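Note sheet for the following structure.
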Amino acid sequence: MTVPSSRPSETVGDLDQARAALRARQGSGARYESANAPADTLALARLGTAYFARKLNELNDADLALPSARPGWSRARVAAAVALQAREIAQAVEDANGLESEDRAETDLAALALAETLPPRALRNLEAHADVHLAVVWRDLEDAGWDGQVTLAEGVRPTRDTPRLRALAVWGGALALGNGGRLCDVPEELRDVVAKQD
């Protein structure tokens, strides 16, 4: 005997209709990512960002000064590096899309050394603010912007690669904090690369 499902099967058309209905309910003021955005890697970056934030928030302030699982790095330095990478990507995407500004925050090694010494509350705020800034920059990026390039400290990269770079940084950072992050929690498509990070 076949038991009927209590939930009808969803098709792509059903999901498209649900998205359209949601957008109608949210109104004209709501903003959405470009259809050209790399949705899969953005999802990996967002999931990793949430995971990193959870592991960071599990640490008390005194724990931030302790050594991380990354040789020679404190947990504060790991958090600072994750924050500054978000800031670097956000500023690079803005610069590549005509939003250059003379008021850019530094993201180099000197900035990392300084950020590592911030009081714990300030370091946590830096990380949270940098995440939000990057999320907004990605959300507001138009179709053509995703096909462009950005200049990062490591060189010129396709803008489309930035969510993957971010995903690797946040997942790797979560494990580097050394407070229970597990490699098996990392999405399978990133696991091998994250496992090889220092």
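The values are calculated or read from the model by the stated rules, or taken from the named source; none is laboratory data. Predicted, not measured: the structure shown is a model, and the values here were computed from it. Using ideal geometry, Cβ is built from the backbone for each residue, glycine included, and neighbour counts are taken over all protein chains shown.
Anything in the stretch 182-195 that is in a helix (DSSP H, G or I), in contact (Cβ under 8 Å) with a residue 12 or more places away in the chain and either charged (D, E, K, R) or crowded, with 24+ Cβ neighbours inside 10 Å (or both)? List them, or say none. Asp185, Glu189 - these are the residues of the stretch 182-195 that are in a helix (DSSP H, G or I), in contact (Cβ under 8 Å) with a residue 12 or more places away in the chain and either charged (D, E, K, R) or crowded, with 24+ Cβ neighbours inside 10 Å (or both).
If you go through the stretch 50-90 and keep only what is part of a helix (DSSP H, G or I), over 19 Å from the mean Cα position of the chain (by Cα) and of a type in the set (Lys, Arg), you end up with nothing. In the condition set (1) modelled with pLDDT of 95 or more; (2) closer than 21 Å to Leu64 by Cβ; (3) in contact with a Leu (Cβ under 9 Å, 6 or more places away or on another chain), Ala105 is compliant with all but (1).
Taking the criterion of being closer than 14 Å to Val82 by Cα and under 12 Å from the mean Cα position of the chain (by Cα), would at least one residue in the stretch 147-162 satisfy it? Looking through the stretch 147-162, at least one residue is closer than 14 Å to Val82 by Cα and under 12 Å from the mean Cα position of the chain (by Cα). Here Leu47 passes the criteria (1) in contact with a helix residue (DSSP H, G or I) (Cβ under 7 Å, 6 or more places away or on another chain); (2) modelled with pLDDT of 95 or more except the one numbered (1).
In the stretch 67-88, the condition of being closer than 21 Å to Arg160 by Cβ, surrounded by 19 or more Cβ atoms within 10 Å (Cβ to Cβ) and at pLDDT below 95 is met by no residue.
For the stretch 91-126, the candidate set comprises residues that are within 29 Å of Asp147 (Cα to Cα), among the acidic types (Asp, Glu) and assigned to a helix (DSSP H, G or I); within that set, the residue that is farthest from the chain's Cα centre (by Cα) is Asp95. In the stretch 134-150, the residues that are over 18 Å from Ala105 (Cα atoms) and in contact (Cβ under 8 Å) with a residue 40 or more places away in the chain form Cβ pairs under 8 Å with partners that are β-branched (Val, Ile, Thr) and surrounded by fewer than 16 Cβ atoms within 10 Å (Cβ to Cβ), at six or more places apart or across chains, as follows: Gln149/Val156.
Yes/no per residue for (1) charged (D, E, K, R); (2) within 28 Å of Ser74 (Cβ to Cβ):
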residue	(1), (2)
Asp131	yes, yes
Thr159	no, no
Leu165	no, yes
Leu168	no, yes
Leu177	no, yes
Arg191	yes, yes
Gln197	no, yes
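Take the conditions (1) closer than 13 Å to Ala92 by Cα; (2) not in a helix (DSSP H, G or I); Asn179 misses just one of them, which is (1). In the stretch 25-44, the qualifying residues are those that are among the small types (Gly, Ala, Ser) and at pLDDT below 80, and the one that is nearest to the chain's Cα centre (by Cα) is Ser34. So Leu47 clears everything in (1) out of contact with any strand residue (DSSP E or B) (no Cβ under 8 Å at 6 or more places or on another chain); (2) assigned to a helix (DSSP H, G or I); (3) free of Cβ contacts under 8 Å to residues at least 60 places away in the same chain; (4) not aromatic (Phe, Trp, Tyr) except one condition, right? Which one? Status for Leu47: all satisfied but (3).
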